[in-house]
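Accompanying notes for the structure given below.
The values are calculated or read from the model by the stated rules, or taken from the named source; none is laboratory data. Because the structure is predicted, anything quoted here is derived from the model rather than measured. For neighbour counting, all protein chains shown are included, and Cβ atoms are generated from backbone atoms with ideal geometry for every residue, glycine included. Ligands, DNA and RNA are stripped out before the accessible areas are found, and what is left, the full protein with its side chains, is counted by its heavy atoms. Shrake-Rupley method; radii C 1.70, N 1.55, O 1.52, S 1.80 Å.
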Amino acid sequence: MSSESMALLGDEAIAMGAIHSGISAAYAYPGTPATEIQEAIQKYVAAYPDPKINSAWSINEKVAMEEAVGASLIGKRSLVNMKHVGVNVAADPFMNAAITGCGGGIVIAAADDPSMHSSQNEQDSRYYADFAKIPCFEPSNQQQAYDMTREAFDIAEKYEVPILLRLTTRLAHTRARVSFAKPRGQNELKLPDNFKKWTLLPSNARPQYKKLLQKQKDLIAYSDASAFNELKITKGSKLGIITSGLGYNYLMENIQDGSIECSILRIGVYPLPEKKIKELASSCQEILVIEEGYPYIERYLPSYLMRFGINVSVKGKLDGTLPEQGELTPGIVRAALGMGSLENCESDTSGLVRPRPPALCKGCPHHDTYLALNEALKGKEKERIVFSDIGCYTLGAYPPYETIHSCLCMGASISMAKAAAENGLKYAVAVIGDSTFDHSGITPLLEGIKRENPFTVVIVDNSTTAMTGGQDTICGETALEKLVVGMGIDQKHLRRIIPLPKQHEQNVKVFEEELEYAGPSVIIALRKCIQIK
Amino acid sequence: MKKDIIFAGVGGQGIVSAAAMIVTQVDKLGFQCKQNEVHGMAQRGGSVVCHVRISDGQIYSDIIPKGSADLILATEPMEALRYIEYLSKDGTVITSNRPFKNIDYPDEKDIINSIEKRSNSIVVDANGLVDELKNERVINVAMIGALSKAIGIEGLKDGILKDVEKRFSKKGEAVVQLNHKAFEFGEAAVQ
Ligand SMILES: Cc1ncc(C[n+]2csc(CCOP(=O)(O)OP(=O)(O)O)c2C)c(N)n1
Ligand code: SF4
């Protein structure tokens, strides 16, 4: 992998960028479309174990972020990576790491999923960078993903701030050739001279926050000078376009033949470059903002224009020129530019093309768990809710199962079932996978057991994180059972079932018994995912 | 030169690896390539699509604009139809005729008819191939054979055949031969 160029996914380009930046560790919890970042680092580490890069999966994103801060305190560089909703889980250490600032560089790669290909929402991680007042890099191709990761580590150490690197699904999952720059070595271990900045007592946090505010000017100057914020003025053209990420690609796809004359500012680094925006705005009469995700630049723009005293109109998502929901496509950008559609409507395939949603594999253990649970709940429809969580078992919402009635965020099944139970629901059931349980099911279960709430928790332990491609689970099987025992559950109500067709009758009986028990019970359904190699 | 190709199929059929097989060779031949893959949720028996873009100039968009694909390569006929709006007016559909029925499936004849009605369509008789070679897994190689002929890039066929040999040589000469046969079967479907 040390050859000078390789065909890489956007995710893999970030991984190689981080490795060549001399990271000592990569901390991550899997989640589409980010998973392949950590997997690429793990593959590299397997092939080149020396010098050591720690790259085992973290238990959740909050822990991953804190681990990076720990490494940073002793001077080491690390990459944190996760899907966009993972940043919510990591938000507490993330926000506060902006106040401590970093020692060794910290780069957080957050992969957004507009159109929700594999997610519960399409939140835009640029807002997190803004919220924390730290710089954000946004590549628009695989080469930039590599180059920006390299640069982000240097900037993190130069300005002593963590950096957020934002990418979206299509960039993460497109493969293209990437050229490498000369790798640098890892940082030496170096203890801080002063621990005040790392100890956020109010008396330390206030001066640290002040420092962060004072850095903003320098960061804007850096952003204005950066070649990643690329301004091309076309003299005399009335239209100015500000674009970022994949928006730039879709713009160029449509206008590379020169069909539209415009000035273009491509944003690759935030905070936004003030001078370049001013220069663009002064050159045109109308600005179109093409950005994937929320209208972030578009919202900021009017305040800049007002400050500069420039009066140009702004178009984008807020006025409906571009749709606010979903990912951009070349066709959508084409329409926003007022160009004719390329699509030909000759094809009437209606009636022949049917939806083919994802489904549980034939022989999946969750299948047998759901069949048994459905039978145990038969006749109780008015008094039951099955709260579920995120994983392959969420597919139990679809026919033929239709077993589950909710899915909010990782770990929520247990908290929600507990609350429903104490607020009067007779049969409150939670269904949660082993990886999700480790990630954020432990704390609500501990609460429910200690509060003696009458609810039933089903841990579907398939010994893996299946939905995201089969990453190992930190605590499963016997260790998981011991953990639940240690939480103080009445052991008569810690049940084990094997979700197999031949066990069906027995399993139904276990569910029925525990549903009637007026206290906390945990049923562990243990059988390996059939995709585990 | 520009070739935009949609690879379509059902999760588990090996669409991503089929696309990668083509892209790896085309990349070696010095062309610019982009391959957009599907990972995550959609892989569980759902509909899967992969965008492959090949050009001798710069490629901007990671996905193919609707209405401009040169080819659709489908390992399943309904999946060929699902992405038909990506095809350009004179674009070509290459599809296997073997349905994958994990859903309430319409009459497969209607699907094949609807594809064959198009002026540029190639239906590879994957059913016949499976009967002949008694092996389900060779369908992808047959489809790649058809595609490689249809794209007509010099050196592509040799590269792929070498790759096939490398991949399957561990499993013995018979398996390599089987895949060669499948490749030629696919090629023969393209005039
Ligand atoms: C905060 C957050 N991080 C990551 C994900 C991505 N994700 C969805 S399901 C899942 C893991 C599921 O594993 P498990 O609970 O063991 O269930 P399985 O798929 O194995 O049945 C992950 C990592 C997410 N949705 N939210
Ligand atoms: S990958 Fe494993 S857990 Fe997911 S549906 Fe298939 S068998 Fe079930």
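Listing for the model above:
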| item | result |
| --- | --- |
| Protection-proxy order for peptides A:156-165, A:12-21, A:197-206, A:395-404, each taking the mean of Cβ atoms within 10 Å per residue, highest first | A:12-21, A:156-165, A:395-404, A:197-206 |
| Approximate spin-label separation A:Lys533-A:Cys409, in nm, with each point projected 7 Å along Cα-to-Cβ | 3.5 nm |
| Per residue Cα convex hull volume in Å³ - calculated over the stretch A:230-336 | 90 Å³ |
| Using θ = phi - 60° and Karplus 6.51 cos²θ - 1.76 cosθ + 1.60, couplings along the stretch A:50-64 (whole Hz; Gly, Pro as x) | 10, x, 5, 10, 6, 9, 5, 4, 8, 6, 7, 6, 5, 4, 4 |
| Whole-Hz couplings from phi, Karplus 6.51/-1.76/1.60, listed for the stretch A:89-98; x for Gly and Pro | 5, 8, 4, 5, x, 4, 4, 7, 5, 5 |
| Cut-off under 5 Å, modelled amide H: who pairs with A:Ile404 long-range | A:Ala397 |
| Peptide A:318-331 - average C-beta neighbours from other chains (10 Å radius) | 2 |
| Residues along the stretch A:162-197 losing 30 Å² or more of accessible surface when the other protein chains are present rather than the chain by itself (probe 1.4 Å) | A:Arg170, A:His173, A:Thr174, A:Arg175, A:Arg177 |
| Gaussian network model of chain B, Cα within-10 Å springs - most flexible of B:Ile153, B:Ile64, B:Ile103 | B:Ile103 |
| Separation in nanometres of the label points that stand 7 Å from Cα toward Cβ, at A:Leu191 and B:Lys89 | 7.5 nm |
| Amide H contacts under 5 Å for A:Val80, placed H, 5+ residues apart | A:Tyr27, A:Val107, A:Ile108, A:Ala109 |
| Calculated FRET efficiency for the pair B:Thr24/A:Gln491, C-beta based, R₀ 60 Å, to 0.05 | 0.60 |
| Largest-first ordering by accessible area, 1.4 Å probe, given options B:Met78, A:Met306, B:Met1, A:Met339 | A:Met306, B:Met1, A:Met339, B:Met78 |
| Under the Debye formula (equal points on every Cα, no solvent term), log10 I(q)/I(0) of the stretch A:1-63 at q = 0.15, 0.23 Å⁻¹ | -0.42, -0.98 |
| Cross-link partners of A:Lys197 among aspartates and glutamates (Cα-Cα below 14 Å; sequence separation of 8 or more within a chain) | A:Glu160 |
| Shape of the stretch B:106-175, Cα gyration tensor, a/c cut at 1.5 | oblate |
| Mean shadow area of the stretch A:5-214 over all directions, Cα convex hull, nm² | 10.7 nm² |
| The protein assembly as shown: antiparallel DSSP beta bridges as a percent of all, rounded to 5 | 30 percent |
| Karplus-derived HN-Hα couplings along the stretch A:487-499 (A = 6.51, B = -1.76, C = 1.60, θ = phi - 60°), whole Hz, x at Gly and Pro | 6, x, 5, 5, 5, 5, 10, 9, 10, 10, 10, 10, x |
| Value at 222 nm in deg cm²/dmol, rounded to 500, when DSSP H runs of n ≥ 4 in chain A each add -39,500 (n - 2.57) | -11500 deg cm²/dmol |
| Model label zone, B:Glu173; criterion: amide N under 20 Å from point 7 Å along Cα-to-beta-carbon; scope the stretch B:127-161 | B:161 |
| Heavy-atom accessible area, 1.4 Å probe, ligands and nucleic acids excluded: residues of the stretch A:354-394 down by at least 10 Å² from chain alone | A:Arg354, A:Pro355, A:Arg356, A:Pro357, A:Pro358, A:Ala359, A:Cys361, A:Cys392 |
| Residues of the stretch A:5-214: accessible area per residue with a 1.4 Å probe, Å² | 35 Å² |
| Simple Cβ-charge dipole of chain A, Lys/Arg +1 and Asp/Glu -1, about Cα centre, in debye nearest 20 | 1020 debye |
| Simple spin-label estimate for A:Ala46 and A:Tyr300 in nanometres, 7 Å along Cα-Cβ | 4.0 nm |
| Å² of accessible area per residue within the stretch B:36-81, as computed with a 1.4 Å probe and no ligands counted | 20 Å² |
| Under the Debye formula (equal points on every Cα, no solvent term), log10 I(q)/I(0) of the stretch A:365-526 at q = 0.10, 0.16, 0.17, 0.20 Å⁻¹ | -0.29, -0.80, -0.93, -1.37 |
| Shape category assigned to chain B from the gyration tensor of Cα positions, a/c cut at 1.5 | rounded |
| Residues whose placed amide H lies under 5 Å from that of B:Arg98, excluding near-sequence neighbours | B:Ala126, B:Asn127 |
| Residue-averaged beta-carbon neighbours from other chains (10 angstrom radius) around A:245-251 | 3 |
| Prolate/oblate/rounded call for the protein assembly as shown, Cα gyration tensor, a/c under 1.5 rounded | oblate |
| Rounded to 5, the percent of DSSP beta bridges in the stretch A:365-526 classed as antiparallel | 5 percent |
| A versus B: buried accessible surface, summed, Å² (probe 1.4 Å, to nearest 100) | 3800 Å² |
